[in-house]
Amino acid sequence: MKVTLISCTAEPIEVICRAIAVMNQKDPVAYVQALDMVEKEQMILETLKSRLTGALEFATFEFLLEDVTRAFTHQLGRLRTYHFSQQSLRFFDGSEGGFSMPEVEECLEDMIC
């Protein structure tokens, strides 16, 4: 498998903390600017404990995944916080390769274990 980070939010911790601070601070930008990194990390951890994870969606990361099976991408696609775009078998010409399939033995071992 090859994973490449294509793009991401420039300051993800700042963005997430501002999204959290909007919920309970009069001036969320100034509030977050006054915090040090330890306080910002604690703010995020406390929010995660409350299960209010929507603020995490303000930071974005775009990855290119290569040499993975469709089964792998379909399992990832079941998670709500991820969005996917992948090669479509309706449009992708796989006659020149560019796709992978696990060996039958590997599949059987995974099913048995």
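Bear in mind these aren't lab numbers, they're just calculated from the coordinates by the rules spelled out. Just so it is clear, the model here is predicted, and its values are computed rather than measured.
Structure summary
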{"quantity": "Long-range amide H partners of residue 52 with built H, under 5 Å", "calculated": "none"}
{"quantity": "Partners for residue 40 among lysines (Cα-Cα distance below 26 Å; same-chain residues under 8 apart left out)", "calculated": "26, 49"}
{"quantity": "Shape of the stretch 17-72, Cα gyration tensor, a/c cut at 1.5", "calculated": "prolate"}
